[in-house]
Number of protein chains: 2
Amino acid sequence: MLKNGWFFEDDMPLGVALQIKDSIYSSKSKYQKVEILNSFAMGKIMLLDDKLMLTEKDEFYYHETIAHTSLSIHPNPKKVIVIGGGDGGTVREVFKYKSVEEVELVEIDEEVINISKKYFPDVASELENPKLKIKVTDAIEYVKNVKESSYDAILCDSTDPQGFARGLISKDFYKNASRALKEDGIYTCQSGSMIIQEKEFKTALENMRSIFKYVDSVISIVPTYPGSLWSFLIASNSPIDKKIKSKPFGKTRYWNENLHEKLFEKPNWIKEKYFSLQPVK
Amino acid sequence: MLKNGWFFEDDMPLGVALQIKDSIYSSKSKYQKVEILNSFAMGKIMLLDDKLMLTEKDEFYYHETIAHTSLSIHPNPKKVIVIGGGDGGTVREVFKYKSVEEVELVEIDEEVINISKKYFPDVASELENPKLKIKVTDAIEYVKNVKESSYDAILCDSTDPQGFARGLISKDFYKNASRALKEDGIYTCQSGSMIIQEKEFKTALENMRSIFKYVDSVISIVPTYPGSLWSFLIASNSPIDKKIKSKPFGKTRYWNENLHEKLFEKPNWIKEKYFSLQPVK
């Protein structure tokens, strides 16, 4: 909701409130409403269907977490799929691994890619990388049809599991993702707020545990997401060892090697509620 | 601001938005407006002068951080001052150390203590502890007059440094706090949002560094505070060693021994901006 110079999300009972300078862009794509606003505290912000996707000033927490907690624990990530993430932030971080030979960005909505290039050039900075293949299509269908055992990592940087993104936390989807990954491949996804999306987190966790042999989570923060305490799930069919095996080059603003292992540590209530028993298939 | 069934803080350009069920209590004390609202996502919430102080559901992040990152690194905390914190949450955590013999709670506004006992009994649960001495007075004056070298820890759980709390980040105040502490005593305080209160954080940090020999910080989260990434400063005249030396008994919901050291780790941008040089007097 945009009212009296403030934006706040009103689809959940807890959200961020941002004072807005002006509206920069608004359109209706084939899939969703796409808006760019200019906020006082966080610079430009992108909304999809009235939900805050990213802000200029804090996008790096999310993008660095999803890319570096997963790729740094892989010994040699070469072939990677990024699902959603049309803004390019995750792709930018993925290309910090010298071993990466090919990234497929599977974004359903081309409009997101185009407006990110125009309004968030620092986020979209690697969207023209020749090693990037952009596929404007539905990731659920795409992952079903890719070659078996051929990817080192799949990073799901999607919207919340609603509407067309709902299938991204289903068993069927995880089965296809698992099939697409090599034996030591890593699947990771953002899995929502630990404060107000416990149901969605639980569904994703349970479905993932029923498909992958090993599942762990990373608890990070995204200052402008509801409740900030943001979860990411990491799954693999090989044991998940959080020791760093590959190092990103270049600058990171949030993630560093000391912080890395700590992102796998869980507050007591989360440990007790979800990880007191870690079922292994 | 309370509008259309939502509360959001509008004194800063970034804040939390909470959908409100109803208003439970409102009064004007000698010092400030005191309100209790009932929110959908976070249970009862307490506002002082329209600023969110605590919510039933996430108060433990703050209270456990301020108490356990400081007292657990002290070998034998016996005598403690808590400044502000009339709600009792910090005091509740301080009493989890068996070594603690006496706690002085210095709260300027008695109304906060009374309404916390009534509306937040789980937060106020130790406010009747016989080892607690409640002093309804100005902490700045109080700390000036306490006996020298007699406290193991001073925990400043105050409102932001505005109005009557402004003096709590001054050199004079730190000088008096330093004087009140034993040689290995620890001073800690909440030092605001790392996202939108950088100026206040910098002032507190610089003033503290000019008085105490050692200053470090803890970067924790409070899901309902602006930007969530919440800072605490820790100062001492003995080296600050983050290894745990005293263990709290009883249950903690956020803090645990693995998470403890993580809280001293800083995101890169914070490390570079404030801690690349750690001046030692």
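The values are calculated or read from the model by the stated rules, or taken from the named source; none is laboratory data. Fair warning: this is a prediction, and the values are worked out from it, not measured in the lab. No Cβ is skipped: glycine too gets one built from the backbone with ideal geometry, and neighbour counts run over all protein chains shown.
Could you tell me whether region A:98-121 includes any residue that is part of a strand (DSSP E or B) and under 30 Å from A:E265 (Cα atoms)? So far as region A:98-121 goes, yes, one or more of its residues are part of a strand (DSSP E or B) and under 30 Å from A:E265 (Cα atoms). Answer with yes or no whether B:K133 is without any contact (Cβ under 8 Å) to a residue 60 or more places away in the chain and touching a helix residue (DSSP H, G or I) at 6+ places or on another chain (Cβ under 6 Å). For B:K133, the condition - without any contact (Cβ under 8 Å) to a residue 60 or more places away in the chain and touching a helix residue (DSSP H, G or I) at 6+ places or on another chain (Cβ under 6 Å) - is not met. One residue stands out among those in region A:148-171 that are in contact with a helix residue (DSSP H, G or I) (Cβ under 6 Å, 6 or more places away or on another chain) and assigned to a helix (DSSP H, G or I): the one that is surrounded by the fewest Cβ atoms within 10 Å (Cβ to Cβ), which is A:K171. Of the helices (runs of 4 or more DSSP H) entirely within region B:172-281, those holding at least 3 residues that are in contact with a Leu (Cβ under 8 Å, 6 or more places away or on another chain) and either charged (D, E, K, R) or more than 14 Å from every other protein chain (Cβ to nearest Cβ) (or both) occupy B:198-211. Under the condition of being under 11 Å from B:D50 (Cβ atoms), within 12 Å of chain A (Cβ to nearest Cβ) and surrounded by fewer than 18 Cβ atoms within 10 Å (Cβ to Cβ), the residues counted in region B:1-11 number 3. Among the residues here, A:L14 does not qualify as of a type outside the set (G, A, S), surrounded by 14 or more Cβ atoms within 10 Å (Cβ to Cβ) and either more than 12 Å from chain B (Cβ to nearest Cβ) or within 26 Å of A:I108 (Cβ to Cβ) (or both). The residue of region A:17-33 that is farthest from the other protein chains (Cβ to nearest Cβ), among those that are polar (S, T, N, Q) and in a strand (DSSP E or B), is A:S27. Do we find that B:I66 is touching a Leu at 6+ places or on another chain (Cβ under 8 Å), assigned to a strand (DSSP E or B) and more than 13 Å from B:L18 (Cα to Cα) in this structure? So B:I66 does not fit the description; no.
Evaluated against (1) at pLDDT 95 or above; (2) within 23 Å of B:D58 (Cβ to Cβ), A:E200 falls short on exactly one condition, (1). Just wondering, is there one or more residues in region A:34-54 that are within 30 Å of A:P239 (Cβ to Cβ), touching a strand residue (DSSP E or B) at 6+ places or on another chain (Cβ under 7 Å) and within 11 Å of chain B (Cβ to nearest Cβ)? Scanning region A:34-54, I find no residue that is within 30 Å of A:P239 (Cβ to Cβ), touching a strand residue (DSSP E or B) at 6+ places or on another chain (Cβ under 7 Å) and within 11 Å of chain B (Cβ to nearest Cβ), so the answer is no.
Every residue, every condition in (1) surrounded by fewer than 18 Cβ atoms within 10 Å (Cβ to Cβ); (2) of a type in the set (G, A, S); (3) touching a residue at least 40 places away in the same chain (Cβ under 8 Å); (4) not assigned by TED's automatic domain parsing to the domain that holds A:S158, yes or no:
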| position | (1), (2), (3), (4) |
| --- | --- |
| A:K30 | yes, no, yes, yes |
| A:V34 | no, no, yes, yes |
| A:K44 | no, no, yes, yes |
| A:L47 | no, no, yes, yes |
| A:D50 | yes, no, yes, yes |
| A:A67 | no, yes, yes, no |
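Under the condition of being in contact with a Lys or Arg (Cβ under 6 Å, 6 or more places away or on another chain) and among the basic types (K, R), which residue from region B:227-281 is farthest from A:L18 (Cα to Cα)? Checked region B:227-281; the qualifying residue farthest from A:L18 (Cα to Cα) is B:K281.
On the stretch given as region B:113-137, residues that are over 13 Å from B:G86 (Cβ atoms) and in contact with a strand residue (DSSP E or B) (Cβ under 9 Å, 6 or more places away or on another chain) total 3.
State whether the residues of region A:94-104 include one that is crowded, with 16+ Cβ neighbours inside 10 Å, charged (D, E, K, R), within 22 Å of A:I211 (Cβ to Cβ) and assigned by TED's automatic domain parsing to the domain that holds A:A67. Let's see the steps before the verdict.
First, the residues of region A:94-104 that are crowded, with 16+ Cβ neighbours inside 10 Å: A:94-97, A:100, A:103-104.
After this cut, where a residue has to be charged (D, E, K, R) as well, the list is A:96, A:104.
Checking which are within 22 Å of A:I211 (Cβ to Cβ) leaves us with A:104.
Okay, now just the ones that are also assigned by TED's automatic domain parsing to the domain that holds A:A67, so A:104.
Yes, some residue in region A:94-104 is crowded, with 16+ Cβ neighbours inside 10 Å, charged (D, E, K, R), within 22 Å of A:I211 (Cβ to Cβ) and assigned by TED's automatic domain parsing to the domain that holds A:A67.
Quick test for you: out of B:Y214, B:Y225, B:Y274, pick the one residue that is among the aromatic types (F, W, Y) and more than 26 Å from A:E64 (Cβ to Cβ).
Details: B:Y225 fails: more than 26 Å from A:E64 (Cβ to Cβ); B:Y274 fails: more than 26 Å from A:E64 (Cβ to Cβ).
The unique qualifying residue is B:Y214.
Search region A:68-125 for residues being polar (S, T, N, Q) and under 20 Å from A:Q190 (Cβ atoms), and hand back the single one that is nearest to the chain's Cα centre (by Cα). Ranking the qualifying residues of region A:68-125, first place goes to A:T90. Answer yes if at least one residue in region A:229-250 is buried (at least 21 other Cβ atoms within 10 Å of the Cβ), out of contact with any Ser or Thr (no Cβ under 6 Å at 6 or more places or on another chain) and modelled with pLDDT under 95, and no otherwise. The answer is yes; a qualifying residue exists.
Would you check if there is a residue in region A:71-83 being touching a Cys at 6+ places or on another chain (Cβ under 6 Å) and either aliphatic (A, V, I, L, M) or in a strand (DSSP E or B) (or both)? Yes, that holds for at least one residue. Filtering A:E9, A:E102, A:E56 for residues that are at pLDDT 95 or above and farther than 18 Å from B:I196 by Cα leaves a single hit, A:E102. Residues that are polar (S, T, N, Q) and closer than 17 Å to B:K118 by Cβ within region B:1-31 comprise B:S23, B:S26, B:S27, B:S29, listed in sequence order.
Going by the conditions given, is B:V143 outside the structural domain of B:M12 (by TED's automatic domain parsing) and surrounded by 21 or more Cβ atoms within 10 Å (Cβ to Cβ)? Steps first, please.
Values: outside the structural domain of B:M12 (by TED's automatic domain parsing): yes; surrounded by 21 or more Cβ atoms within 10 Å (Cβ to Cβ): yes.
Yes; evaluated as a whole, the condition is true for this residue.
Exactly one residue out of B:K144, B:K57 is free of Cβ contacts under 8 Å to residues at least 60 places away in the same chain, assigned to a helix (DSSP H, G or I) and not acidic (D, E), and it is B:K144.
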